[in-house]
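Taking it in order: structure first as structure tokens, then the write-up.
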Amino acid sequence: MKSPLLSLPGAVPAEGVDEQVAAHYGDLFREQRALADGTGFVDLSHRGVVAVTGEDRLSWLHLLLTQHVTDLPAGRATEALILSAHGHIEHALYLVDDGTTTWAHVEPGTQDALLAYLESMKFFYRVETADRTDDFAVVHLPAGSIAEVPEGVVVRETPYGRDLFLPRADLESYAEKAGPPAGLLAYEALRVEHHRPRLGFETDHRTIPHELGWIGTAVHLQKGCYRGQETVARVQNLGKPPRRLVFLHLDGSEVHLPPHGAELRLADDGPDGRKIGFITTSVRHHELGPIALGLVKRNVPLDARLLADTTAAAQEVVVEP
């Protein structure tokens, strides 16, 4: 669903799954600094919005999700995953319950598959699921923002800011009051800075939660059974994940950023060496310069210098080996 805010002055569309919103509005670093200072907003209206109603909604979701949500208080934000039977990540949900409805925003275009799975698991539970993407647009206010939230709007408040489930019809009028707008590239730069994984970027078809540091934030280790729980418990108690997320400082003299999927190798082995991982997200940060997240094999030495294609990269630990 193409955002009407792409008509704002200077708006340049993002790419890939994010193409329906603005990458930036003409000044990437100014937009980043504004978000870091707690001003402005980010248009995330391309994200899917799913709502679950019914008196059994939290106990039912508790059976399906990696997170403990049976007693989730109204207004408390949380995040959760849905795993395959083998423990691989299939969906990431960013949740809040308003007392009568559990709201979630998800990656663009994933809501149909998510709803199909939820519908298949309803059985005798008193729940209803709905795709509300046409009716509600997600808007992000950064941490420290004093922007007004319209009365009645559902809010997810996190350490990184507030996610508003804004009636889609009000998006343009709200943007006029909440400005200045910041594009998705600014939002992504802060996400990478804070080592926050994103489904479809830091994940592939075989990613398990331990590899990305999602244990604790999106996976509750003391809750009951759910699909994929056996893998989570086995890796947590008996082993180590095969890969680990790393934060990378990239060579600032390079003109181009290594793209998603760019192969990572040990610098000592040169550009023709053995692949030991790949870039998941690379961005330009207003203070840190070019930075990235990547997935590498668990046994890669913590002090090893890396190459992202031909770009030198120094790693910082996100997930302990």
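The values are calculated or read from the model by the stated rules, or taken from the named source; none is laboratory data. Not measured: the values here are computed from a predicted model. Cβ: placed from backbone, ideal geometry, glycine included. Neighbour counts: every protein chain shown. Each accessible area value is taken on the protein alone, full model and side chains, heavy atoms only, with ligands, DNA and RNA left out. Shrake-Rupley method; radii C 1.70, N 1.55, O 1.52, S 1.80 Å.
For this structure, a couple of remarks:
- Among residues of segment 15-49 being out of contact with any Pro (no Cβ under 9 Å at 6 or more places or on another chain) and over 25 Å from residue 200 (Cβ atoms), the one that is least open to solvent (accessible area, probe 1.4 Å) is 27.
- Note on segment 5-72: enclosed strands (runs of 3 or more DSSP E) holding 1 or more residues that are more than 16 Å from the chain's Cα centre (by Cα) and among the aliphatic types (A, V, I, L, M) are 22-24, 48-53.
- So residue 105, is it touching a strand residue (DSSP E or B) at 6+ places or on another chain (Cβ under 6 Å), farther than 21 Å from residue 68 by Cβ and assigned to a strand (DSSP E or B): no
- Looking at 292, 308, 314, just one residue is open to solvent by 50 Å² or more (accessible area, probe 1.4 Å), among the small types (Gly, Ala, Ser) and at pLDDT 95 or above, and that residue is 314.
- Only one entry of 250, 238 meets the criterion of being out of contact with any Lys or Arg (no Cβ under 7 Å at 6 or more places or on another chain) and touching a residue at least 40 places away in the same chain (Cβ under 8 Å), and that entry is 250.
- Answer residue from segment 258-272, given it is open to solvent by 40 Å² or more (accessible area, probe 1.4 Å) and without any contact (Cβ under 8 Å) to a residue 40 or more places away in the chain and is nearest to residue 197 (Cα to Cα) among those: 259
- Taking the criterion of being open to solvent by less than 40 Å² (accessible area, probe 1.4 Å), modelled with pLDDT of 95 or more and touching a Phe, Trp or Tyr at 6+ places or on another chain (Cβ under 6 Å), the residues of segment 169-221 that qualify are 181, 183.
- Set 71, 131: member being touching a residue at least 60 places away in the same chain (Cβ under 8 Å), under 17 Å from residue 54 (Cα atoms), open to solvent by 20 Å² or more (accessible area, probe 1.4 Å) and not basic (Lys, Arg): 131
- Sole residue being of a type in the set (A, V, I, L, M, F, W, C), modelled with pLDDT of 95 or more, over 28 Å from residue 243 (Cα atoms) and surrounded by 15 or more Cβ atoms within 10 Å (Cβ to Cβ), chosen from 52, 12: 52
- Close pairs from segment 3-16: first under 11 Å from residue 184 (Cβ atoms), partner surrounded by fewer than 19 Cβ atoms within 10 Å (Cβ to Cβ) and among the basic types (Lys, Arg), Cβ under 6 Å, at least 6 apart: none
- Of all residues making up segment 55-68, the number that are over 14 Å from residue 129 (Cα atoms), in contact with a helix residue (DSSP H, G or I) (Cβ under 9 Å, 6 or more places away or on another chain) and either basic (Lys, Arg) or buried (at least 19 other Cβ atoms within 10 Å of the Cβ) (or both): 2
- Among the residues of segment 81-123, the one identified as open to solvent by less than 10 Å² (accessible area, probe 1.4 Å), within 22 Å of residue 225 (Cβ to Cβ), among the β-branched types (Val, Ile, Thr) and touching a residue at least 60 places away in the same chain (Cβ under 8 Å) is 82.
- Number of residues in segment 89-115 that are farther than 19 Å from residue 135 by Cα and out of contact with any Lys or Arg (no Cβ under 8 Å at 6 or more places or on another chain) equals 4.
- Test: residue in segment 196-203 that is touching a residue at least 12 places away in the same chain (Cβ under 8 Å), among the acidic types (Asp, Glu) and part of a loop (DSSP other than H, G, I, E, B): yes
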